[in-house]
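Trainee: Structure below; questions to follow.
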Amino acid sequence: MPSAPPSNAVIADALDELGDLYELDGAIVHRVVAYRSAAKAVREASVSVATLAAEGRATELAGIGKTLQEKIQALAATGEIPAAVKLRAKFPPGLIALTRLPGLGPKRARMLHSELGIDSPEALEQAARAQRLRSVRGLGPKFEANMLAALQTQRERPEGRGGRVILPRALELGEQIVAGLQDLGGRGTHVELAGSVRRLADSVKDLDIVATTTRPTALARGLAKLDEIESVSSAGKAGARGRTHAGIDVELRIAKPSQRGNLLQHLTGSGRHNAALREAAVRRGLHVSEYGILDDATAGTLECATEREVYERLGLAYIEPELREDRGELEAAASAGGLPRLIELGDIRGDLHSHTTASDGHNTIEEMGRAARERGYEYLAITDHSASHGFGDDVSPEQLRRQIELVRDADARLEGIQLLAGSEVNILPDGALDYDDELLAELDWVIASVHTSFGSSEQAMTERIITAIEHPLVRAIAHPTGRLIERRQPYAVDLEAVFAAAARSATMLEINANPDRRDLSDLNARAAARAGVTIVIDSDAHRTATLANMRWGIATARRAWLRSEDVANTRPWAELRRGA
DNA sequence: GCCGTTTTCGGCCCGACTGTTTTCAGTCG
């Protein structure tokens, strides 16, 4: 190996770019789609695709054939894919930026380039202002106005993701709107959330809502009356579109009760799940849409009042919304082995990561213990930050000794729940911990995590974390990648190596349930479990109320296909305590 | 470019909306 092989993210980006370039080049849409789905397969693969390709095994991934494997091999060997180099010379980079504007796709971008020499958003703006776009066949004044508006919007919003919000905010907003519509509709009306918010995704771009009602036009018009809604762009008997004050688009669709299952299934998505579902159905002579399932054999359309009927008619077991990401759920739903029985919030017996006023928490040990007991837990680990934590919230070795006593006292006072003396110990840049082993040995539970030096090299970070994993007193690693959803990328770390080390030393990896983290992510948690790692799901609560964050960790675990038996804290503490 | 109870060629999910058009292409989800 001359140098480190390209990461899956780098390969996926290269395939996406090549798809964009081929699209501009006028390739048939299916070829472009092939590049995009290959990019998704690479991005979501749990092992190094460059390594697979070197062994000639990348074709084992769905959507990657001989040609794409060769392109990946070229990328690994030379850092470039020859076809991309060639096409980049033909189409300036600003042209791909143009296709990111709503209403401007590859066909129009190509025409604007060839006929007017437009090669950037700036050039587009000038031409639109000079009313030169209307000289192109198929484009008119309205298109010019739309482009100027789109460019304006793009300027006002910071680069990249346009107004995505994390799940709890989206769910709260969505539930308020659903309740508002339900009130307006009254009896004979049923309103529910669909889309990515129903799939409990990390973050959400827009809200999809499904309703059945006896008065569709009135309900659709009612959307505009809700406090959360800033504006409504259209409303009719089929539904309405609007936007919230928070800048989240809302789509309300109204179905006949007999088609509610079809519409709910369609609008819940994901788009890729639906595309794969429909492609598989076509092979059986069935055509799926939000209105029903058209059977070639009878020329009849089957309407489904429930989603279960939709899946059943297609010969599939019911698929939980959290699994609908085209990550193998359709194959599993069609097979004898079937889908896993997913973990539920009620399976959780305890929480093994929480903070108190000893560090940066807002409640006392006893308050946290009572709140955990009210949630029905059998145990709660008090894991304040350690000796090198900043912000004046560090806990010195002396303070930790005192804290252990306080936890023992509170445990003795509190009936019905076991309080565990623990610590969230910082992993220092060299992999060492910031308490002596002698002190750590007095704790019931040690969870270790990275809070500093995020910018280390991948190799240094990987060695650092593996050193902590192999420490005999460390039971688990908290928020293993350090990501903050929509705010901070994970630090560079070789997760394949981390998972192997964790499996080998029986150290658990956490799904941190803080909704800004959800770290491990769904894909990473699934890969970890497949590698033989035991997962622990913790709230990382800093006050009594945020013990309830556990639900977001469960959401991630379900999206990771985890069952109760894959997760440590579904078991009694007696089974988890060291040596048991 | 991928893939096969259509298996090495000829297909490849479905429908809505928009703006521009006299019947539809392009874009989007």
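Every number in this text was worked out from the coordinates using simple rules, so none of it is lab data. Owing to the predicted nature of the structure, the values given are computational and were not obtained by experimental measurement. Counting neighbours? That spans all protein chains shown, and the Cβs are built from the backbone with ideal geometry, glycine included.
Trainee: Along the charge dipole of chain A, which of A:Ala255, A:Gln182, A:Ala333 sits closest to the positive end, that is, farthest toward it, with unit charges on the beta carbon of Lys, Arg, Asp and Glu (+1, +1, -1, -1)?
Mentor: A:Ala255
Trainee: Let me ask you something else. Given the range A:463-580, what percent of its DSSP beta bridges are antiparallel, to the nearest 5?
Mentor: Numbers: 2 of 9 bridges.
Rounded to the nearest five, the antiparallel share is 20 percent.
Trainee: In nm, what is the difference between 0.36 nm times the number of residues separating A:Glu496 and A:Arg402 and their Cα-Cα distance?
Mentor: Details: separation 94, 0.36 × 94 = 33.84 nm, distance 3.88 nm.
In short, 30.0 nm is gained.
Trainee: Taking H as built 1.01 Å from N, whose amide H comes closer than 5 Å to the amide H of A:Val425, not counting residues under 5 places away?
Mentor: A:Ile447, A:Ala448, A:Ser449
Trainee: Further question: What order do you get for A:81-89, A:323-331 when each peptide is scored by the mean count of other beta carbon atoms within 10 Å, highest first? Can you show the working numbers first?
Mentor: Working: A:81-89: 14.2, A:323-331: 20.2.
Ranking, from highest mean packing down: A:323-331, A:81-89.
Trainee: Using a ≥ b ≥ c from the Cα gyration tensor of the range A:104-148 (square roots of the eigenvalues), is it rounded, prolate or oblate, where a/c under 1.5 gives rounded and otherwise the larger of a/b and b/c decides, a/b for prolate? Let's see the in-between values first.
Mentor: On the way: a/c = 1.39, a/b = 1.13, b/c = 1.23.
In terms of gyration-tensor shape, rounded.
Trainee: Another one. Explain nothing, just the number: relative contact order of chain A, from Cα pairs under 8 Å at least 6 residues apart, as a whole percent. Show your work: numbers first, answer last.
Mentor: Numbers: 1072 pairs, mean separation 49.8, N = 580.
Result for chain A is 9 percent.
Trainee: Another one. In nm, to one decimal, how far is the A:Arg487 label point from the A:Arg157 one, both placed 7 Å along Cα→Cβ?
Mentor: If labels sit at A:Arg487 and A:Arg157, their model points lie 2.0 nm apart.
Trainee: Still on this structure: Estimate the FRET efficiency between A:Gln176 and A:Glu312 by the formula 1/(1 + (r/R0)^6), using the beta-carbon distance for r and 41 Å for R0, to the nearest 0.05. Let's see the in-between values first.
Mentor: Working: r = 33 Å, r/R0 = 0.81.
In this case the efficiency is close to 0.80.
Trainee: Go ahead and estimate [θ] at 222 nm for chain A from helices alone: -39,500 (n - 2.57) per DSSP H run with n ≥ 4, summed, over the residue count, rounded to 500. Don't skip to the end; give the middle numbers.
Mentor: Values: 24 runs with 245 residues, N = 580.
Calculated from helices alone, the mean residue ellipticity at 222 nm is -12500 deg cm²/dmol.
Trainee: Quick one: putting +1 on the C-beta of Lys and Arg, -1 on the C-beta of Asp and Glu, what dipole do you get for chain A around its Cα centre, in Debye to the nearest 20?
Mentor: Details: 72 positive and 83 negative charges, 615 e Å.
That gives chain A a dipole magnitude of about 2960 debye.
Trainee: Could you pull out which residues in the range A:249-286 have an amide N less than 20 Å from a spot 7 Å beyond the Cα of A:Ala218, following the Cα-Cβ vector?
Mentor: Zone members listed by number: A:252-258.
Trainee: With the contact rule set at Cα under 8 Å and sequence spacing of 6 or more, what percent relative contact order holds for the range A:445-564? Could you put the intermediate results ahead of the total?
Mentor: Working: 220 pairs, mean separation 27.4, N = 120.
So the answer I get is 23 percent.
Trainee: In addition: Where the centre of each part is set by its Cα atoms, how far does the range A:548-579 sit from the range A:355-384, in angstrom?
Mentor: 18
Trainee: By how many nm would the segment from A:Glu320 to A:Glu415 grow when fully extended, if each residue of separation counts as 0.36 nm and the alpha-carbon distance is taken off? Let's see the in-between values first.
Mentor: On the way: separation 95, 0.36 × 95 = 34.20 nm, distance 3.77 nm.
Roughly 30.4 nm would be gained on extension.
Trainee: Let me ask another. Can you list the lysines whose alpha carbon sits under 21 Å from that of A:Lys107, skipping same-chain ones fewer than 8 residues off?
Mentor: Candidates past the 8-residue exclusion: A:Lys86, A:Lys90, A:Lys142.
Trainee: If you don't mind, there's one more thing I want to ask. According to a simple spin-label model (label point 7 Å from Cα along Cα-to-Cβ), what is the distance in nm between A:Leu116 and A:Glu331?
Mentor: 4.6
Trainee: Compute the helix-to-body angle for A:271-282: its Cα long axis versus the longest principal axis of chain A, expressed 0 to 90° and rounded to tens.
Mentor: In chain A, helix A:271-282 runs at an angle near 60 degrees to the longest axis.
Trainee: If you don't mind, another one. Once a ≥ b ≥ c are taken as the square roots of the eigenvalues of the Cα gyration tensor of the range A:255-296, is the result rounded (a/c under 1.5), prolate (a/b larger than b/c) or oblate (a/b not larger than b/c)? Before the final figure, lay out each step's value.
Mentor: Numbers: a/c = 3.87, a/b = 1.25, b/c = 3.10.
Judged from the Cα gyration tensor, the range A:255-296 comes out oblate (a/c at least 1.5, b/c at or above a/b).
Trainee: Cβ under 14 Å from A:Glu70's Cβ, A:Glu70 left aside: what net charge do those residues give with Lys, Arg +1 and Asp, Glu -1?
Mentor: Numbers: positive: A:Arg57, A:Lys66, A:Lys71; negative: A:Glu55, A:Glu80.
Every neighbour counted, the sum reads +1.
Trainee: Around A:Gly328, what is the net charge, scoring Lys/Arg as +1 and Asp/Glu as -1 over all other residues with Cβ under 11 Å from its Cβ?
Mentor: Numbers: positive: A:Arg327, A:Arg526; negative: A:Glu44, A:Glu325, A:Asp326, A:Glu329, A:Glu331.
Net of charged neighbours comes to -3.
Trainee: Under 8 Å for C-alpha pairs, at least 6 residues apart: give me the relative contact order for the range A:376-504, rounded to a whole percent.
Mentor: Working: 212 pairs, mean separation 27.6, N = 129.
Relative CO of the range A:376-504 lands at 21 percent.
Trainee: Between A:Thr452 and A:Ser258, 0.36 nm times their residue separation minus their Cα-Cα distance comes to what? Mind dumping the intermediate values first?
Mentor: Working: separation 194, 0.36 × 194 = 69.84 nm, distance 5.60 nm.
Separation in residues times 0.36 nm, less the Cα-Cα distance, equals 64.2 nm.
Trainee: For the residue pair A:Ser233 and A:Ala548, what label-to-label distance in nm results when each label sits 7 Å from Cα along the Cα-to-beta-carbon direction?
Mentor: Here the modelled spin labels are 3.4 nm apart.
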